[in-house]
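Worksheet for the structure shown next.
The values are calculated or read from the model by the stated rules, or taken from the named source; none is laboratory data. None of these values were measured; they are calculated from a predicted model. Note: ideal-geometry Cβ built from the backbone for every residue, glycine included; neighbour counts use all protein chains shown. Quick note on the areas: whole protein, heavy atoms, side chains included, nothing else; ligands and nucleic acids left out. Shrake-Rupley method; radii C 1.70, N 1.55, O 1.52, S 1.80 Å.
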Amino acid sequence: QVQLVESGGGLVQAGGSLRLSCAASGRTFSASVMGWFRQAPGKEREFVAAITLSGSITRYLDSVKGRFTISRDNAKNTVYLQMNSLKPEDTAVYYCAAGKYNTPYTGAYEYWGQGTQVTVSS
């Protein structure tokens, strides 16, 4: 089993940057695909980025490509989401998740954190 705790959210002006972290506990972290998702008020949770076990393969939501970077440090049991050039439409609660497959589908992820709020002001 994997327990996930996100941190690093906050309020930032448009064009600014934030780095989210997700600390995982549990021996299966290094065997898990890690993903970041987000949910804005009144909207469904959507995929943002995912990274494979070795970190060699990543995938992104089209609207964040070139602005967001997902990475992981298996020695620290942590996955990161570096977010640059933030836009007001990036405002949401961001969740990390762990699963077995590198997929954008929320149902494929078994474990979820509690989320961290990101607010981008215009």
Exercise. GluC sites (Glu not before Pro), restricted to the stretch 1-72: which are DSSP loop and have at most 13 other Cβ atoms within 10 Å?
Worked result: GLU44
Seminar exercise, completed: Count of lysine pairs, the stretch 5-122, Cα-Cα under 25 Å, sep. 8 or more residues or interchain, comes to 5
Exercise. What ratio of Cα Rg to 2.2 N^0.38 Å holds for the stretch 60-122?
Worked result: 1.20
Exercise. For the chain, which span is the longest to avoid every loop-located (per DSSP) member of trypsin sites (Lys or Arg not before Pro) having at most 14 other Cβ atoms inside 10 Å?
Worked result: 1-26
For this session: Describe numerically, in nm with one decimal, the distance between label points set 7 Å from Cα along Cα→Cβ at ARG45 and at THR119.
Result: 2.3
Exercise. What is the distance, in nm, between label points placed 7 Å from the Cα along the Cα-to-Cβ direction at GLN82 and at GLN1?
Worked result: 3.5
Exercise. Accessible area, 1.4 Å probe, largest first: how do GLU110, GLU89 sort?
Worked result: GLU89, GLU110
Problem set entry | Listed residues ASP62, ASP73, ASP90 arranged by accessible area, highest first, probe 1.4 Å | ASP62, ASP73, ASP90
Seminar exercise, completed: Using the Cα gyration tensor of the chain, the equivalent ellipsoid's semi-axes, largest first and to the nearest Å, work out to 22, 14, 13
